[in-house]
Amino acid sequence: MKSMSNKHEYKVVLGVIGSDCHAVGNKILASVLGQAGIDVINLGVMVSQDEFIDAAIETGADAILVSSIYGHGEIDCHGLRGRCFERGLDDVLLYVGGNLVIGKSDFQDIETLFLKMGFDRVCSPRVDLHDLVKWLKDDIIEQRFAREPLTKSA
Amino acid sequence: MHPDSTETLVNQRLADKVFETERNAVLNTWPTGADVNFREGVRYQLDLPVEKQFSAVMKAADDAGRTLLQPRAGVALLQEQIALLTDLQPYCDVLPTTIDAYTRHNRYDKCANGIARSREAGRSLMNGFPAVNHGLQGCRELVEALDKPVQVRHGTPDARLLAEITLAAGFTSYEGGGISYNIPYAKSVKLRDSIRHWQYCDRLVGRYEEEGVRINREPFGPLTGTLVPPFVSHCVMILEGLLALEQGVKCITLGYGQGGNLVQDIAAIRSLRELGEEYFSAAGYSGYQLSTVFHQWMGGFPDEESSAYGVICLGAAAASLAGATKVIVKTPHEASGVPTMAANRDGLRATRQMINMLGEQQKPAGDDVALETDMIKREVRAVLSRVFALGEGNIAEGTIRAFESGVMDIPFAPARANAGVLMPVRDDNGALRVLDKGNSPLPDDVLAFHRDRIAERAASEGREPSFQMVIDDVNAISNSRLIGRPL
């Protein structure tokens, strides 16, 4: 079990999925998350599903943050949750954000679509990064409690 | 045959034998390549009516001092692409076909999957038109359905097969370049490889030129589209122009992406053209046709469509007042990704209104424009003279060394070959200045000018310039501002 006294309590893998090379948001996310005390393994742009998973396994990350701006998100993210299970990553948090589908759609529809695909949080391109930091920390803590054996609680 | 990536790259016309051998290999990389026959492609191009020839339409506009309108548009399936461009055609002067991101990385297998899934879904799941997969006949069907010239717009580091297919199919303009389609568009493609692959594309265009077919070539000016100071992109434009001229290209459109400060944007287009003439003629080239293209704001847009029209119209105004030959038009859907036809049409209409109202007015020519023009020219000359020195006269090798050493450095670019130290920020007027010069060899007095202008902003905001200020600037236009002031 991961020790809670690690210097960095929160560890996330960050990257832009598929053949997407939009680097601006990625650089800003890495900077903001880092400043919020989150340990960021930033894979940069053009990251495959397996590269995300490899990095998460290697570093014992709490969450994988997937960005997609160029519109192929629906194709590129397809099957990511299943692939995590296959690779033995049973309880990693999956976040996704950006311009996730082709064309202008209602965000609620996009959120529903990606939640069904197994993502834990779906962020619009206009998400407040301070909210994102808060969700991430809360979700990670909650995930850890869920993993703790009952006898250890209280 | 893949060119050897360790040999020295020279800025020299590719020998016929080298080109022919390489072409055989290029055409074999995907089955649709087999349909390309250069002679037949030349005949097809020669038969195109003048109104479908990009170079002729650009020349007429340039002679008349008009600014042409062009949208971006590309979907997965052929019939849908024909319908989309047919619908957009009445609202613009020249047409695009935007290529999807899988093709840009030569993943034609993934394209095949994307096309199949789009057919199943009954809508395009791809962000562009996979021209290589649709092949020569598919591309010709598209060209023949339209009445205006069509350009290939993409972001492909190795665009050799795409060029062979689309040019033989009757596309008459080809966007891109070995620097501008690598550093902002790829992560780990060697600059040496992309420049070499674009020498091939330029040589192909040169060969068409020698057969009497003038294909327009357009280096991609906006680069990362994120606070890129004019001198940074101008250096790339001049270098790609020189590389193209050497391969026999005769029709070049140099590009620039809107920064947002009107005076600086006007100065940018003026200096771009003047610097192009200066460097191209100094290198001994003549008889080429030069024009400019202005890209409306390439960074983040506001969600609200009415606010987005404000951004679009400022770009239209800048393009017209700067005297750009062509403007690339954004849409009110920009904040949410790939637009619908209707949104695309509405961006064109708003731009048309602005261009019509401003096109016949006198161009601003005040001292402030002159100062910015002079500043950009001095910056470009300082960087390029270092690039030439690094390459000992060979600009291909000089460019590679300039990126390795950070002499050339593009803000927010994903490529590993890019230093990513140079950091821009807006000044108190919203003009783009250099906050961290990285290793770019700007003269001391120019740097002092940048520093003073940034200090003015810092004082008026009561905070020190920092990366936070840069982030605020990146987000400012989405938040209905130009300068990222603290709230």
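Values quoted throughout were computed directly from the atomic coordinates according to the rules given, and no laboratory measurement underlies them. Just so we're clear, the structure is a prediction, and the values are computed from it rather than from any experiment. Please note: Cβ atoms are built from the backbone with ideal geometry, for glycine as well, and neighbour counts cover all protein chains shown.
In chain A, the calculated helix contribution to ellipticity at 222 nm averages -12000 deg cm²/dmol per residue, counting -39,500 (n - 2.57) for every DSSP H run with n ≥ 4. Compared with the direct C-alpha span, the chain from residue B:112 to residue B:13 gains 32.1 nm at full extension, assuming 0.36 nm per residue. When restricted to Cα atoms, the range B:199-307 yields an Rg and a Dmax of 15.3, 50 Å, respectively. A simple spin-label model places the labels of residue A:137 and residue B:340 4.1 nm from each other, with each point 7 Å out along Cα-to-Cβ. With N the number of residues in the protein assembly as shown, Rg(Cα) / (2.2 N^0.38 Å) evaluates to 0.95.
When the range B:16-358 is described by a simple charge dipole with +1 on each Lys and Arg Cβ and -1 on each Asp and Glu Cβ, the residue from B:114, B:354, B:248 located farthest towards its positive end is B:114. In terms of its Cα atoms, the range B:367-476 spans 46, 35, 19 Å along the principal axes, sorted from long to short. Distance between the 7 Å Cα→Cβ label points at residue A:57 and residue B:277: 6.2 nm.
Hey, got a sec? Which GluC sites (Glu not before Pro) in the range B:309-387 land in a DSSP loop and have at most 14 other Cβ atoms within 10 Å?
On the way: sites: B:334, B:360, B:372, B:379; in loops: B:360.
Loop-located and lightly packed - B:360.
Using +1 at the Cβ of each Lys and Arg and -1 at the Cβ of each Asp and Glu in the range B:128-213, identify which of B:180, B:200, B:130 lies farthest towards the dipole's positive end. Going by the Cα projections, it comes out as B:180.
Rounded to the nearest 0.05, what FRET efficiency do residue B:40 and residue A:86 give with R0 = 51 Å and r taken as the Cβ-Cβ distance? Could you check? Mind dumping the intermediate values first?
Values: r = 49 Å, r/R0 = 0.97.
Here the calculated transfer efficiency is 0.55.
When a/c reaches 1.5 or more, the comparison of a/b and b/c decides; with that in mind, is the range B:1-154 rounded, prolate or oblate per its Cα gyration tensor? Each step should come with its number before you reach the end.
Numbers: a/c = 1.82, a/b = 1.13, b/c = 1.61.
Because a/c hits 1.5 or more and a/b fails to exceed b/c, the range B:1-154 counts as oblate.
Summary value for chain B: 15 percent relative contact order, contacts being C-alpha pairs under 8 angstrom separated by 6+ residues. What pairs from B:148/B:330; A:27/A:137; A:27/B:437; A:104/A:134; B:326/B:363 go past 23 Å between their alpha carbons? Violating the 23 Å Cα-Cα cut-off are A:104/A:134. Looking only at chain B, where both bridge partners belong to it, what percent of the DSSP beta bridges are antiparallel (to the nearest 5)? Just about 15 percent of them are antiparallel. Packing here is the average count of other Cβ atoms within 10 Å per residue, and on that basis the peptides B:202-209, B:27-34, B:471-478, highest first, run B:202-209, B:471-478, B:27-34.
Once both labels are positioned 7 Å from their Cα atoms along Cα-to-Cβ, the gap between residue B:362 and residue B:447 label points is 4.0 nm.
Toward the positive end of the charge dipole of chain A, with +1 on the Cβ of Lys and Arg and -1 on the Cβ of Asp and Glu, the farthest Cα among A:65, A:52, A:135 is that of A:135.
Principal-axis analysis of the Cα atoms of chain B puts helix B:108-121 at an angle of about 90° to the longest axis.
By counting other Cβ atoms within 10 Å of each Cβ, how are B:355, A:28 ranked from fewest to most?
Values: B:355 21, A:28 17.
So the residues, fewest neighbours to most, are A:28, B:355.
Is the shape of the range B:370-425 rounded, prolate or oblate, going by the alpha carbon gyration tensor and its root eigenvalues a ≥ b ≥ c, with a/c under 1.5 for rounded and a/b larger than b/c for prolate?
Details: a/c = 3.08, a/b = 1.13, b/c = 2.73.
Oblate is the answer for the range B:370-425, as a/c is 1.5 or above yet b/c matches or exceeds a/b.
Counting only DSSP beta bridges with both residues in the protein assembly as shown, the antiparallel share comes to about 10 percent.
Dipole size in debye (nearest 20) for the protein assembly as shown around its Cα centre, Lys and Arg Cβ +1, Asp and Glu Cβ -1?
Numbers: 67 positive and 84 negative charges, 46 e Å.
Using Cβ point charges on Lys, Arg, Asp and Glu, the protein assembly as shown gives about 220 debye.
Placing +1 at every Lys and Arg Cβ and -1 at every Asp and Glu Cβ, with all other atoms neutral, what dipole size does chain A have around its Cα centre, in debye to the nearest 20?
Details: 16 positive and 23 negative charges, 62 e Å.
That gives chain A a dipole magnitude of about 300 debye.
Per the Kirkwood treatment, what hydrodynamic radius in Å, one decimal, follows for chain A from the mean inverse distance over all distinct Cα pairs? Before the final figure, lay out each step's value.
Values: mean 1/r = 0.0634 Å⁻¹.
Computed over Cα pairs of chain A, the Kirkwood hydrodynamic radius comes out at 15.8 Å.
Let me know the Kirkwood hydrodynamic radius for the range B:317-377, please, with Cα pairs as the basis and the value in Å to one decimal.
Values: mean 1/r = 0.0745 Å⁻¹.
13.4 Å is the Kirkwood radius here.
Bridging of residue B:52 to aspartates and glutamates at a Cα separation below 12 Å is possible for B:93, B:144, B:147, once same-chain residues fewer than 8 apart are set aside. Between the Cα long axis of helix B:262-282 and the first principal axis of chain B there is an angle of about 60°, rounded to the nearest 10.
Only Lys, Arg, Asp and Glu count, each charged at its Cβ (+1, +1, -1, -1), so figure out the dipole size of chain B about its Cα centre, rounded to 20 debye. Intermediate results must be reported in sequence, preceding the final value.
Values: 51 positive and 61 negative charges, 116 e Å.
In total the dipole reaches around 560 debye.
Taking every alpha-carbon pair under 8 Å whose residues sit at least 6 apart, chain A reaches a relative contact order of 22 percent. Stretching the chain fully between residue B:467 and residue B:392 yields a gain of 23.4 nm (0.36 nm per residue, less the alpha carbon separation). Stick to the Cα atoms of chain B, pair each with every other, and give me the Kirkwood hydrodynamic radius in Å at one decimal. Computed over chain B, the radius equals 22.5 Å.
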